[in-house]
Each structure stands twice: as structure tokens, then as C-alpha cells.
Amino acid sequence: MNGFSAVYRRELLSLWVTPLAWVLLTVFLLLQGAIFYSIITHFTSMADVSVDTGPLQAYFGQESIFLLMTLLLVCPALSMRVFAEERRSGTIEALLTAPVTPTGVVLGKYFATLTTYAAIWAPTLLYVVILRKTGTVDWGVVGSSYLGLLGIGAAYLGIGTLMSAMTQSQLIALLLTVFVEFGLFILGVGEYIFDPGILRDICAHVSMMSQMEDFSKGILDLRRIVFDTSLAGVGLFLTVRVVDSWRWG
Amino acid sequence: MIEVSELTKDYGTVVAVKGLSFTVGKGEIVGFLGPNGAGKSTTLRVLAGFLGATSGRVCIAGHDIAAQPLAARRSLGYMPESAPLYPEMRVEEYLTFRARLKEVPRAKRVSAVGSSMERAGVRHMAGTVIQHLSKGYRQRVALADALVANPPLLILDEPTAGLDPNQIREVRALIKALGDDRTILLSTHILSEVEATCERALVIDRGILVAEGTIDALRNQKRAAGYQLGVRDAKRAAESVIQAISGVISATALAPDDTTERRTLQVSLAADADAERVLEAVVEALAAAHIGLHALIPEKASLEQIFSELTRHEASPTAESSEAGT
């Protein structure tokens, strides 16, 4: 783990002193604002609001397809440069000749992107505050919803970190990540296509939309968390192996 | 400080370094010399721990780089070729990051960064974003980075590449100053650099160590050298007398149109000639021909000549021998 905290801090600084994080933050908040606004408008225009679904459940749950679409853009863009840029510019040589371990470097970079991801989500807490003004908010649901989002981000960024280590081009890292994550997303849609059976169960299990639907109802399904963390874990484990393999290139 | 034995590194089918063995002692400044593509950077990258050796053993400050990679890397400061830096960071920010990465204790970090900037001459640039620095200053920031944890060993890959003559002079002076209290191994393909800064040189060509020793020893090892002779020679016979001696390639007057008695001759020796024995024969022959000798200036081969001779490839030795035959 040598080098973790130094790499983590530098990576965070680097993300926020360059335009990347700010551009992503702006685009992300505009999209989320639009989604949230349309959901609120929808709910205010409805005469009979059902008891067990409110705007929060809609935002994080039933309508989570919109929110996930934005993540398919934001997460790959956050992770695309972590290794690709270091290798393209040659700074990786200075980094790996310091007394650091590949694990320390990979985790430092990964957690910096995950922290940035969380920071990008943070302003959406305002939506909850706004809803709080007009009615009651179930904080348990808010907590589990954000936990679900953190899990999805952790998985997506783990995949993105691996893809970034596979190429020296940020663009190719971005495309590969989008490709894999979109593939996972489409697999999740299979839940609504296949007949009941093993195939449908698998699709339901990997579906990020079902995950958000569960979590937005306050259902903390441990299997979902295990799935997210194993995706991230496999991605990071492979990244460490890839970083190690550069020494033999 | 550095012990390399039988180091081999191949990239798939291409063998970059073949069975390289050398040592660098404590306190030495050693030049790692070779033409482009000789395997210099590959070797230094292996020493710095960036690349793994295919076979062979490397010890840095007593630590085997395969068994104790972190301990080995802690004892060296490495400056990669072309000095890659993060363009978005400020100089001081970058060096603080590097100090943290190299485990400089928190309490000492500010002073370590300060003194490394001082030594590399970038203190007045502390707040500048690296993107806006000139090539020369980037090179110095990379040097400051190598120095920041105050390692006993510095490995510098082409530290003066891409600098203007003034900057080269400054960097060389800096390297010499740094060499007072630490070991330095620097690579270069420029000979004058080795002559200016190093005590000893390792010459590598196509992955093989072709020569090793102090600058003087290298000069002596293969001297295609000669003499300048000042002679009193009214009959103008000195050239033919000297040329008749075996081991002499040529003897020519430096000012052939000069009609005075005193003349200066340039004598070149064959590369394999025994310089001392030839000189004795020359003096004897001149005495026998009643030609007076009043000056003898031995000429050492320049390091350039030695370098090109050591790293000359197969095609060339035939050219050399045909030249010697004429």
C-alpha cells in the first residue's frame, strides 16, 4: 500500500485543478436538475399521489434509467485518464520508480476518482432539502439510495480504471469503458425481455436499474452490494496485475 | 553502491542488454556512454526498478532490486529521460507530492522541498505551473525531484539532453557539486559530457559493455595516437626516415611550404602499435640520419576517436586495416 495517500491526494488535486471534474460536475448537475424538475412537475400535476411512491422514489427508483444514463457518461470520463495519461506522457516512469507498490498506486487513483464521484453527487442533496420543505422525507430511503449510487459508481470506476490501464489513449479507455458498462446495462434490461428462468434471474441480478429500484425503497440487498464490490474488486485486481506487467514490457 | 552482474533484458525478440556486469563504488561519478539505441536507458530503467531484468542480478546500496525493490528504490533518486512531469501542478506542489511519495517525514518535507529547489536552482519558480516552464527548467525540476529525498545515489538519464549550451554548463556544474557527497551514474551519448563531469566511464554498445575505466585509462587503452616532432632537417629526409619504421602510419610536415631548417612533423601511429617501442625506433632512426630532434609532443587520442573506435560496427575494421596498409 506504499504510496496510497500521496497518489490519492495528487490525483484529487489533478482532477480538480484541470477542467475535467468541473465540466463533468456542470453537465451532470444540469442533467440531474432537468430529470428532477420533470419528476417534480409530474408529481405536482398528478391529482392522486399514491402513498408509497414519492418524487424521491421516482428519482432514485422507477425513473432511475435517466440517472443511470448520465452515469454511463460521467463514470468513464472520470476514470479514463488515471493511467492512460500517465503512460502517454511518461510520468508513469517517475511514479513507479518511487518506493511505491502497484496496489498503493492503483488504489490511490481509484479512490480519488470515487471521492470525486461522491463529490459530484453531493449537490443533489439539495433536492432532498427542497422536498423536505414541502413534505416529509424518509432519511433511511435517502441513505440507502445514495448507498446504491455509491455501489454503482464503485463498480463503474473499477471497470474504468482497468480500461485506462489497458491503453495509452484516454479516448480508447473512455470508449472501452462505455462499451463494457453499456453492455452490463443492456444485460440488465434483459430482465424485462426474457421469460422467468435462470437467464432472467441473472439479468435481474446484474441490473443496475433493479438495484436502484430496491435501494430507493429502502431495501438493502446485500447481494447487490456484493455484486458491485466484486465488479470493482475484479477490475482493481486486474489493474494491479496490468501495472505489474509493464515491468516486463 | 551499484552492483550489476550478468544483466540481460530482452523485449520479446529484441535483446536490449546482454550479460552486462559492472560496479559503481560509493562517491563515484560515472558516465554511462554509448551511441543512441545502445541500451543505456534500458539499463538505467532496470536499475531504477521501472523494468524487470530478464536475467542477472542488480544490487542497489546492498539491496537486491528483485528481492527488496522498495529498499533499493528508497536509496536512489532517478531522473528519467526527457524529464516527464505533471503539467497541471505547480513546482512546489509537485515536489511536495514527490517528497510524500518518497516517504520524507512530514516534519522534514518543507525543508527537503526547499533545499532541493535551492540546489536545482528552481526556488524562484516554486509557484509556477509546470506547463509554463521552459525545457531547461523542467529538467531542473526533475533533478530537484531526484534530490528531494536526499538519496545517496542518483541515476540520471541524459540529464543535459535538449538544453542550450548555457544550461548544459549549469547542469554539469550542478552534477559535479552534487557528486561531492553522493554517487552519481549518468548516461549520455555526448563524450564531452563525460570528460567534463565524470571520473570514470562505462562504454556500452548494442547491449554489451565494450570498455570501462577512468577517462585516462580509456584514452590509454586504445590510443590511435601519435606525436608532433620538432626536427632540424636541412635535407628534408625526416618524413621518409620515420615512415620506414613499422607501426607508423604517416609522417607529414605541418607546414610543407616552410623552407627553414626547423620543421614540425605530425606522426600518426597504427592503433595496435606499441607506442613506446615505436618512439624509441623513431629517435634512433633520426639520430642515425643526423636529424636533430628538439621537440616531442605526445598526442593523446581524443575521447571521440576512442568512442567511435570502441563502438564501431563490423563493417568498419576492414576499412581501418586497409587504411593502415597504405
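The values are calculated or read from the model by the stated rules, or taken from the named source; none is laboratory data. Everything quoted here is computed from the prediction, not taken from an experiment. So basically every Cβ, Gly included, is an ideal-geometry build from the backbone, and we count neighbours across all protein chains shown.
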Can you name the helices (runs of 4 or more DSSP H) wholly within the range A:198-249 that have at least 2 residues being surrounded by fewer than 16 Cβ atoms within 10 Å (Cβ to Cβ) and within 14 Å of chain B (Cβ to nearest Cβ)? A:222-245
Being modelled with pLDDT of 90 or more, within 13 Å of chain A (Cβ to nearest Cβ), out of contact with any Gly (no Cβ under 7 Å at 6 or more places or on another chain) and over 29 Å from B:His189 (Cβ atoms) narrows B:Arg123, B:Arg109 down to just B:Arg109
Pairs under 7 Å by beta carbon, first residue under 20 Å from A:Arg241 (Cβ atoms) in the range A:147-160, partner assigned to a helix (DSSP H, G or I) and among the basic types (Lys, Arg), six or more apart or different chains? none
Reported set for the range B:94-103 where residues are more than 7 Å from chain A (Cβ to nearest Cβ) and either without any contact (Cβ under 8 Å) to a residue 24 or more places away in the chain or of a type in the set (Val, Ile, Thr) (or both) is B:Thr96
Boolean, A:Leu30 is part of a helix (DSSP H, G or I), among the aliphatic types (A, V, I, L, M) and closer than 17 Å to A:Leu150 by Cα: no
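Quick grid of which residues meet (1) out of contact with any Cys (no Cβ under 7 Å at 6 or more places or on another chain); (2) assigned by TED's automatic domain parsing to the domain that holds B:Lys9; (3) of a type in the set (Ser, Thr, Tyr); (4) surrounded by fewer than 24 Cβ atoms within 10 Å (Cβ to Cβ):
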{"position": "B:Gly27", "(1), (2), (3), (4)": "yes, yes, no, yes"}
{"position": "B:Ala66", "(1), (2), (3), (4)": "yes, yes, no, yes"}
{"position": "B:Ser75", "(1), (2), (3), (4)": "yes, yes, yes, yes"}
{"position": "B:Pro87", "(1), (2), (3), (4)": "yes, yes, no, yes"}
{"position": "B:Arg90", "(1), (2), (3), (4)": "yes, yes, no, yes"}
{"position": "B:Arg98", "(1), (2), (3), (4)": "yes, yes, no, no"}
{"position": "B:Leu101", "(1), (2), (3), (4)": "yes, yes, no, no"}
Check the range B:7-24 and report whether any residue there is of a type in the set (Ser, Thr, Tyr), closer than 27 Å to A:Ser89 by Cβ and in contact with a strand residue (DSSP E or B) (Cβ under 9 Å, 6 or more places away or on another chain). no
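Listed here are the residues, each with its yes/no results for (1) touching a strand residue (DSSP E or B) at 6+ places or on another chain (Cβ under 9 Å); (2) hydroxyl-bearing (Ser, Thr, Tyr).
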{"residue": "B:Leu33", "(1), (2)": "yes, no"}
{"residue": "B:Gly49", "(1), (2)": "yes, no"}
{"residue": "B:Cys59", "(1), (2)": "yes, no"}
{"residue": "B:Ala71", "(1), (2)": "yes, no"}
{"residue": "B:Tyr78", "(1), (2)": "yes, yes"}
{"residue": "B:Ser82", "(1), (2)": "yes, yes"}
{"residue": "B:Met89", "(1), (2)": "yes, no"}
{"residue": "B:Leu101", "(1), (2)": "no, no"}
{"residue": "B:Val104", "(1), (2)": "no, no"}
Exactly one of B:Leu44, B:Leu76, B:Leu33, B:Leu20 is within 9 Å of chain A (Cβ to nearest Cβ) and aliphatic (A, V, I, L, M), and that one is B:Leu76
Residues (over 18 Å from A:Thr116 (Cβ atoms) and within 10 Å of chain B (Cβ to nearest Cβ)) located in the range A:1-43: A:Asn2, A:Gly3
Can you pull out the helices (runs of 4 or more DSSP H) entirely within the range A:70-185 that have at least 3 residues that are surrounded by 24 or more Cβ atoms within 10 Å (Cβ to Cβ) and away from chain B (no Cβ under 14 Å)? A:102-121, A:139-166
Among the residues of the range B:37-57, is any more than 22 Å from the chain's Cα centre (by Cα) and among the β-branched types (Val, Ile, Thr)? yes
If I ask for residues that are closer than 16 Å to B:Asp64 by Cα and aliphatic (A, V, I, L, M), which ones from the range B:4-19 would you list? B:Val4, B:Leu7
If we ask which residues in the range B:149-199 are touching a residue at least 60 places away in the same chain (Cβ under 8 Å) and buried (at least 21 other Cβ atoms within 10 Å of the Cβ), their number turns out to be 19
